[in-house]
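Q: I have a structure I would like to understand better, so I am pasting it below and will then ask my questions one at a time.
The values are calculated or read from the model by the stated rules, or taken from the named source; none is laboratory data. Predicted model, so just to flag it, every value in this text is computed and none were measured. Here the Cβ positions follow ideal geometry from the backbone for every residue, glycine too, while neighbour counts run over all protein chains shown. Heavy atoms of the whole protein, side chains included, go into the accessibility calculation; ligands, DNA and RNA do not. Shrake-Rupley method; radii C 1.70, N 1.55, O 1.52, S 1.80 Å.
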Amino acid sequence: MLAEIADIGCDRRRGGYSRHVFDGAERELRGWFADHAARLGLDTETDRNGNVWAWWGTPGPGAVVTGSHLDSVPGGGAFDGPLGVASALTAVGALRARGGTPARPLAVVVFAEEEGGRFGVPCLGSRLLTGAIDAEAARNLRDPEGVTFAEAARAAGLDPARIGPDPEALGRIGTFVELHVEQGRGLIDLGSPVAVGSTVIAHGRWRFTFTGQGNHAGATPLSDRRDPMLPAAATVAAVRRLAAGVPDARATVGRLVPSPGGTNVIASTVDLWLDARVPGGGTQALVDDITAAARAAAADEGCALTVRQESCSDTVAFDDRLRAELGGLLGGVPELATGAGHDAAILAPHVPSAMLYVRNPTGVSHAPEEHAEPADVERGAAALTDVLEHLCR
Ligand SMILES: [Zn+2]
């Protein structure tokens, strides 16, 4: 099924896919999803936050909900998000073919802006649904072109005034299950095509803005410079050094934007985004140490520094009973902890939630090399079909 969308949102510059919430590619994918849902006899609706729901049966409390997202990181792989959506549609088709009608309402959901690739906050659609992000703060998020989330939402046909917590939509979910391509080499090492998720480690994003003095690259002596690129570079090195001292910590600078960004111009500001993930409660302590190193480097160059947290999530453990139930149902497949964030982890504090992972033979994700073999994709969809059938009883 993913072959049908292989040409949508290809990124010629980075490779892979760039599909960002409410952009042309993501809207085309929403259309693709709605077409499939219609062919399966599902009723599709878009909620106040731009999440799409396709219902089998009357929407209502106690529903079994499955799904994932269709947006990507810049230059992402083909499977992160779409595999969960396509597998959900495949599973509904298989249940239809088995005959009968589920005893509970069943829905396939597509969450908006899971990657935070356009507006910076990951799982924005599920955070808004559950009230995990303030509605006004979300409306004012800006994409790299300066368009606010409210403006983008209006252009996509939503009412920006209605963006925010949606207790009615949340209250319909009895159980949520998300299937996702595995994003590391956990399943390669376990020798299993499928696993049930156990935990998602704490993670967050911080934006560091270094401000110096923009100036001429030829006419400004080195001694007269306040160049924000220097403390930014020192901070990149400090991130690796400090994270290496914390067991199992992950800390990354994957985005660094000097402004104005000319070869013959000393930058006036540099924005640096830090992604930090530490198992247990150590994320803030690591970020504090990185911030101290960044402040010292900024002071050395006569630059100012502001640090702003863009998002933060605690460690999430998926529902114990559900994990055991699904593990047993699927013949004792292994459990897997992950360092990758998911909508299921945003929902988990509110409703019993679970995840299924499908093996990724490259162990690479958020990059074009991300992959899943057709046989494993089939196994994943079959597992999801059995899980939905079981939960709908
Ligand atoms: Zn994903």
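Q: Any chance the range 126-141 includes a residue that's within 16 Å of the ligand (Cβ to nearest atom), within 17 Å of residue 382 (Cα to Cα) and not in a strand (DSSP E or B)?
A: Initial filter on the range 126-141 (within 16 Å of the ligand (Cβ to nearest atom)): 126-127.
Of the ones still in play, those that are also within 17 Å of residue 382 (Cα to Cα) are none.
No, every residue in the range 126-141 fails to be within 16 Å of the ligand (Cβ to nearest atom), within 17 Å of residue 382 (Cα to Cα) and not in a strand (DSSP E or B).
Q: Let me ask another. Identify all residues within the range 12-34 that are within 22 Å of residue 169 (Cα to Cα) and open to solvent by 10 Å² or more (accessible area, probe 1.4 Å); write none if there are none.
A: Once the filter is applied, which keeps residues that are within 22 Å of residue 169 (Cα to Cα) and open to solvent by 10 Å² or more (accessible area, probe 1.4 Å), the range 12-34 yields 22, 27, 30, 31, 34.
Q: Another question, if that's okay. Quick check on this structure: which one of 379, 359 is modelled with pLDDT of 95 or more, within 20 Å of the chain's Cα centre (by Cα) and among the charged types (D, E, K, R)? Steps first, please.
A: Details: 379 fails: within 20 Å of the chain's Cα centre (by Cα).
The unique qualifying residue is 359.
Q: Quick one: would you say residue 302 is open to solvent by 60 Å² or more (accessible area, probe 1.4 Å) and over 27 Å from residue 115 (Cβ atoms)?
A: no
Q: Among (1) at negative phi; (2) without any contact (Cβ under 8 Å) to a residue 24 or more places away in the chain; (3) surrounded by fewer than 17 Cβ atoms within 10 Å (Cβ to Cβ), there is one condition residue 253 misses while meeting the rest; what is its number?
A: All conditions pass for residue 253, except number (3).
Q: Mind checking whether some residue in the range 251-259 is under 22 Å from residue 184 (Cα atoms) and of a type in the set (S, T, N, Q)?
A: Yes, the range 251-259 contains a residue that is under 22 Å from residue 184 (Cα atoms) and of a type in the set (S, T, N, Q).
Q: Give me the residue from the range 323-345 that is of a type in the set (A, V, I, L, M, F, W, C) and in a loop (DSSP other than H, G, I, E, B) and, out of that set, nearest to residue 180 (Cα to Cα).
A: 340
Q: Given the criteria under 30 Å from residue 361 (Cα atoms) and either open to solvent by 60 Å² or more (accessible area, probe 1.4 Å) or within 16 Å of the ligand (Cβ to nearest atom) (or both), does residue 189 qualify?
A: Numbers: under 30 Å from residue 361 (Cα atoms): yes; either open to solvent by 60 Å² or more (accessible area, probe 1.4 Å) or within 16 Å of the ligand (Cβ to nearest atom) (or both): yes.
For residue 189, the condition - under 30 Å from residue 361 (Cα atoms) and either open to solvent by 60 Å² or more (accessible area, probe 1.4 Å) or within 16 Å of the ligand (Cβ to nearest atom) (or both) - is met.
Q: Within the set of pairs 6 or more residues apart or between chains, which connect a residue that is under 15 Å from residue 94 (Cα atoms) inside the range 29-43 to a residue that is part of a helix (DSSP H, G or I) and open to solvent by 50 Å² or more (accessible area, probe 1.4 Å) with Cβ atoms less than 8 Å apart?
A: Close Cβ pairs satisfying both conditions: 40/96; 41/96.
Q: Can you spot a residue in the range 286-302 that is in contact with a Phe, Trp or Tyr (Cβ under 7 Å, 6 or more places away or on another chain), closer than 26 Å to residue 143 by Cα and of a type outside the set (A, V, I, L, M)?
A: No, that holds for no residue.
Q: (1) modelled with pLDDT of 95 or more; (2) closer than 20 Å to residue 368 by Cα; (3) more than 14 Å from the ligand (Cβ to nearest atom): which one isn't true of residue 89, the others all being true?
A: Answer for residue 89: the failing condition is (2).
Q: Out of 301, 310, 335, which single residue is more than 24 Å from residue 123 (Cβ to Cβ) and either touching a strand residue (DSSP E or B) at 6+ places or on another chain (Cβ under 9 Å) or within 16 Å of the ligand (Cβ to nearest atom) (or both)? Write out each step before concluding.
A: Numbers: 310 fails: more than 24 Å from residue 123 (Cβ to Cβ); 335 fails: more than 24 Å from residue 123 (Cβ to Cβ).
Residue meeting the stated conditions: 301.
Q: Select from the range 96-120 the residues that are of a type in the set (A, V, I, L, M, F, W, C) and surrounded by 21 or more Cβ atoms within 10 Å (Cβ to Cβ) and write down the one among them that is farthest from the ligand (Cβ to nearest atom).
A: Per the criteria, the residue is 106.
Q: Quickly run through the range 124-165 and pick out the residues that are open to solvent by 20 Å² or more (accessible area, probe 1.4 Å) and among the hydrophobic types (A, V, I, L, M, F, W, C).
A: Once the filter is applied, which keeps residues that are open to solvent by 20 Å² or more (accessible area, probe 1.4 Å) and among the hydrophobic types (A, V, I, L, M, F, W, C), the range 124-165 yields 132, 133, 137, 141, 147, 155, 156, 158, 161.
Q: Please identify the pairs in which a residue from the range 155-180 that is without any contact (Cβ under 8 Å) to a residue 40 or more places away in the chain has its Cβ atom under 6 Å from the Cβ atom of a residue that is more than 16 Å from the ligand (Cβ to nearest atom) and open to solvent by 30 Å² or more (accessible area, probe 1.4 Å), counting only partners at least 6 apart or on another chain.
A: Note: pairs meeting the criteria are 160/139; 160/154; 165/131.
Q: Same structure, new question: Wholly within the range 21-85, which strands (runs of 3 or more DSSP E) include no fewer than the required count, namely at least 1 residues that are under 27 Å from residue 182 (Cβ atoms) and hydrophobic (A, V, I, L, M, F, W, C)?
A: 52-56, 63-69
Q: Look through 292, 296 and report the one residue that is aliphatic (A, V, I, L, M), surrounded by fewer than 15 Cβ atoms within 10 Å (Cβ to Cβ) and within 30 Å of residue 217 (Cβ to Cβ).
A: Going through 292, 296 in turn, the sole match is 296.
Q: Give the residue that is least open to solvent (accessible area, probe 1.4 Å), with candidates limited to residues of the range 35-48 that are under 21 Å from residue 129 (Cα atoms) and in contact with a strand residue (DSSP E or B) (Cβ under 9 Å, 6 or more places away or on another chain). Please lay out each step first, then the result.
A: Here is the first cut: in the range 35-48, the residues under 21 Å from residue 129 (Cα atoms) are 43-48.
The next check asks that each one be in contact with a strand residue (DSSP E or B) (Cβ under 9 Å, 6 or more places away or on another chain); those that pass are 43-47.
Working: 43: 106, 44: 63, 45: 66, 46: 81, 47: 13 Å².
Result: 47.
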